[in-house]
Amino acid sequence: MKLRIINGRLIDPSSKRDEQVTVDIAAGRIVGINAEDSSPVDQVIDAKGKAIIPGLVDLSVRLREPGNEYRATLESEMNAALAGGVTSLVLPPDTDPSLDEPGLVEMLKHRARQLNQANLYPLGAMTIGLKGETLTEMAELTEAGCVAFSQANKGLLNLSTLNRAMMYAKTFDYTLWIQPSEEDLVSGGVAASGAYASRIGLAGIPVQAETIALHTLFELQRSNKARLHLCRLTSAEGIELVRQAKARGLPVTCDVSINHVHLIDSDIGYFDSNYCLYPPLRSQRDRDAITKGLLDGTIDAICSDHTPVDDEEKLLPFAQAEPGAVGVELLLSLVYKWSLEQKIPFVDALAKITLNPYHILKQGASALPPCGQLTIGSPADLALVDLDAYWTVSRENLASQSAHTPFNGYELPAKVKMTMVGGRIVWQGE
């Protein structure tokens, strides 16, 4: 079957194109862009007034399967991803049970294939049960489909286990995805340490929880040269340490959550548990440093950190609420909003949620098919978006099984109208 998209504005970070085009798709791939092709076409889609963008690559989407289906399901959250234009997503290993067995990974991949929706890339657990004691069989997990290894939101392993994990990863060319967090300094904290947390009486998590962990990781990395991806940076000091590590040539990439791109600690207001997140929101100074890091390339990618939480665990006093928020449907709109606020070309901002995440995934996963780009021969994973349309974030307008997000009630720009995976229309809006 051959499909043609006409009159659309192609925005593609990989080629830096931002122009009106005709796109031809056949056998699930892009076969022509403004090509002189008179062969018969089975379907024509008129994209007048819409942008054609690569399908988003989201580096952290919790699907809540297996083990927490009461919060969300693979089907509901995959559908939410497609509604947000996300066609490739990374699943952290903190499922129940955790992704420490090849059979469990294979089952998840099989379920995703049956749904025939977005591309699923699981992270394998770095240690059995995520307990930080015994390393998993990383080679077997890789064969089962894991693209890298992580402890999810858990703090750093003890130094001996961490060093062994890094040496093993270096030997076999694996990437370790680590959220820099010193657990002894996190314990009991629910907000960022500082004047605001003190004023409203919330237990704080100091910046040193991030920076001490980063110092530890970089010291070990200097000797073993393991490749690291640092997840969800939050502080100005932490971002500066990453900037210095990159300048020294250490093999490191990093991301931030879209929540931290837009919000700060004082947005918590009067104990709104929708702002209960982990890692916590920090100060305006830290948010400014995130913006600077994104603009100068220190921060490689933005993710949604999509974490569905049900009403029973969220509608509690702030200190008792479950951390987390949905965001996979908001990622595109919030990145576009950020690009407008910063007055930067959308094609550059779009790279943070398409091409750059693909390059991060590609490290150590040589068999990974291209994603996050619209070039001849690449899979036709794309979204048609009305950048001029505004929509309001609400329970009624979200496809996720959960609707808890700090952006409830926000009016956001950019509305996805259609999402394709492998040239198939898998989601269509009004």
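The values are calculated or read from the model by the stated rules, or taken from the named source; none is laboratory data. Since we're looking at a predicted model, the values are computed, not measured. Every residue, glycine as well, gets a Cβ built from its backbone with ideal geometry; the counts of neighbours run over all protein chains shown. For accessibility, only protein heavy atoms count, side chains too; no ligands or nucleic acids. Shrake-Rupley method; radii C 1.70, N 1.55, O 1.52, S 1.80 Å.
Within segment 334-385, the set of residues being open to solvent by 30 Å² or more (accessible area, probe 1.4 Å), touching a strand residue (DSSP E or B) at 6+ places or on another chain (Cβ under 9 Å), charged (D, E, K, R) and within 23 Å of Val23 (Cα to Cα) is empty. Looking at segment 303-322, is at least one residue loosely packed, with under 15 Cβ neighbours inside 10 Å and of a type in the set (A, V, I, L, M, F, W, C)? Yes, there is a match, as at least one residue in segment 303-322 is loosely packed, with under 15 Cβ neighbours inside 10 Å and of a type in the set (A, V, I, L, M, F, W, C).
Scanning segment 180-204 for residues that are more than 29 Å from Tyr121 (Cβ to Cβ), in contact with a Leu (Cβ under 8 Å, 6 or more places away or on another chain) and open to solvent by less than 10 Å² (accessible area, probe 1.4 Å) yields Ala191, Ala192. Right, Thr392: touching a Phe, Trp or Tyr at 6+ places or on another chain (Cβ under 6 Å) and of a type in the set (Val, Ile, Thr) or not? Answer is no for this residue. Which of the residues spanning segment 110-121 are buried (at least 16 other Cβ atoms within 10 Å of the Cβ) and not aliphatic (A, V, I, L, M)? The answer is Arg111, Gln117, Asn119, Tyr121. Within segment 16-31, residues that are farther than 12 Å from Ile52 by Cα sit with their Cβ atoms under 9 Å from residues that are part of a strand (DSSP E or B) and open to solvent by 70 Å² or more (accessible area, probe 1.4 Å), at 6+ positions apart or across chains, in these pairs: Asp24/Val31; Ile25/Val31; Gly28/Arg424. Taking the criterion of being surrounded by 16 or more Cβ atoms within 10 Å (Cβ to Cβ), hydroxyl-bearing (Ser, Thr, Tyr) and over 16 Å from Gln363 (Cα atoms), the residues of segment 122-179 that qualify are Thr127, Thr136, Thr161.
Scanning segment 291-302 for residues that are of a type in the set (Val, Ile, Thr) and surrounded by fewer than 24 Cβ atoms within 10 Å (Cβ to Cβ) yields Thr291, Thr298.
So that you can scan it fast, the table gives a plain yes or no per residue for (1) closer than 23 Å to Ile52 by Cβ; (2) in contact with a Leu (Cβ under 9 Å, 6 or more places away or on another chain); (3) open to solvent by 60 Å² or more (accessible area, probe 1.4 Å):
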{"position": "Leu387", "(1), (2), (3)": "yes, no, no"}
{"position": "Tyr390", "(1), (2), (3)": "yes, yes, yes"}
{"position": "Ser394", "(1), (2), (3)": "no, no, no"}
{"position": "Ser400", "(1), (2), (3)": "no, no, no"}
{"position": "Gly409", "(1), (2), (3)": "no, no, no"}
{"position": "Ala414", "(1), (2), (3)": "yes, yes, no"}
{"position": "Met418", "(1), (2), (3)": "yes, yes, no"}
{"position": "Gly422", "(1), (2), (3)": "yes, no, no"}
{"position": "Val426", "(1), (2), (3)": "yes, yes, no"}
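If we scan segment 210-223, do we find a residue that is of a type in the set (D, E, K, R) and closer than 21 Å to Arg282 by Cβ? Among the residues of segment 210-223, at least one is of a type in the set (D, E, K, R) and closer than 21 Å to Arg282 by Cβ, which makes the answer yes.
Scan segment 238-282 residue by residue and report those that are part of a strand (DSSP E or B) and under 25 Å from Glu411 (Cβ atoms). Once the filter is applied, which keeps residues that are part of a strand (DSSP E or B) and under 25 Å from Glu411 (Cβ atoms), segment 238-282 yields Val256, Ser257. What do you reckon, is Glu210 out of contact with any Phe, Trp or Tyr (no Cβ under 8 Å at 6 or more places or on another chain) and open to solvent by 30 Å² or more (accessible area, probe 1.4 Å)? No: the conditions fail for Glu210. All told, Glu106 falls short of being in contact (Cβ under 8 Å) with a residue 60 or more places away in the chain and under 15 Å from Tyr121 (Cα atoms).
Residue pairs whose Cβ atoms lie under 7 Å apart, separated by 6 or more positions or on different chains, with the first residue in segment 323-338 and closer than 15 Å to Asp386 by Cβ and aliphatic (A, V, I, L, M) and the second at pLDDT 95 or above and surrounded by fewer than 23 Cβ atoms within 10 Å (Cβ to Cβ), do not occur. Taken over segment 238-278, residues that are closer than 29 Å to Ser223 by Cα, open to solvent by less than 10 Å² (accessible area, probe 1.4 Å) and not small (Gly, Ala, Ser) amount to 5. Of the numbered criteria (1) more than 30 Å from Asp173 (Cα to Cα); (2) among the acidic types (Asp, Glu); (3) at pLDDT 95 or above, the one Asp305 fails is (1).
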